[in-house]
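Written below as structure tokens is the structure these notes are about.
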Amino acid sequence: MVSVFVLAWNHEKYIEQAIRSVISQTYIDIEVLFLDNHSSDQTFRLASTLLRNSGVKHKVFRRGQNYGIAVNLNLLFEHCNGEYISIISG
């Protein structure tokens, strides 16, 4: 399994393209771990709706305050099940 980490902060303009890129892959043994780093726009709503309707295994996290990239990646590492990891930005 591949765990795909999607980190986002105020990526409302791009998050749909990023999520669709991941869920449209032909390799099916994936899980998506999406983390919204306290966005003030619609990033979280857009991403969580796309993932919920995708049929792809996923977990969604929303921070109550902004954290650095390393802290956010560590959180996702704690919750992933994949043997391999891919990291993309929203």
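Points worth noting:
- Rolling a 1.4 angstrom probe over the protein heavy atoms with all chains in place gives the chain an accessible area of 60 Å² per residue.
- The 3J(HN,Hα) values that the Karplus relation (6.51, -1.76, 1.60; θ = phi - 60°) gives for the range 51-63 are, in residue order, 5, 4, 8, 7, x, 8, 4, 7, 9, 10, 10, 9, 7 Hz. Gly and Pro appear as x.
- Measuring spread by the Cα atoms of the chain yields a radius of gyration and Dmax of 11.9, 35 Å.
- The range 26-32 - phi-based ³J(HN,Hα) in whole Hz, Karplus 6.51/-1.76/1.60, Gly and Pro as x: 7, 6, 9, 8, 10, 9, 10
- Nearest-20 debye value, the range 10-90 charge dipole, Cβ charges on Lys, Arg, Asp, Glu: 220 debye
- Taking the convex hull of Cα positions in the range 8-51, its mean projected area over all directions (nm²): 2.8 nm²
- Order by protection proxy (mean Cβ within 10 Å, highest first), peptides 30-36, 58-64: 30-36, 58-64
- Protection proxy ranking, highest mean first, for peptides 16-22, 3-9: 3-9, 16-22, where packing is the per-residue count of other beta-carbon atoms within 10 Å, averaged.
- Segment Ser89-Tyr67, extension gain: residue separation times 0.36 nm, minus the distance between their alpha carbons: 6.5 nm
The values are calculated or read from the model by the stated rules, or taken from the named source; none is laboratory data. The model shown is predicted, which means the values in this text are computed figures rather than measured ones. A quick note on method: Cβ atoms are made from the backbone with ideal geometry, for glycine too, and the neighbour counts reach across all protein chains shown. These accessible areas exclude ligands, DNA and RNA; they are computed on the full protein's heavy atoms, side chains included. Shrake-Rupley method; radii C 1.70, N 1.55, O 1.52, S 1.80 Å.
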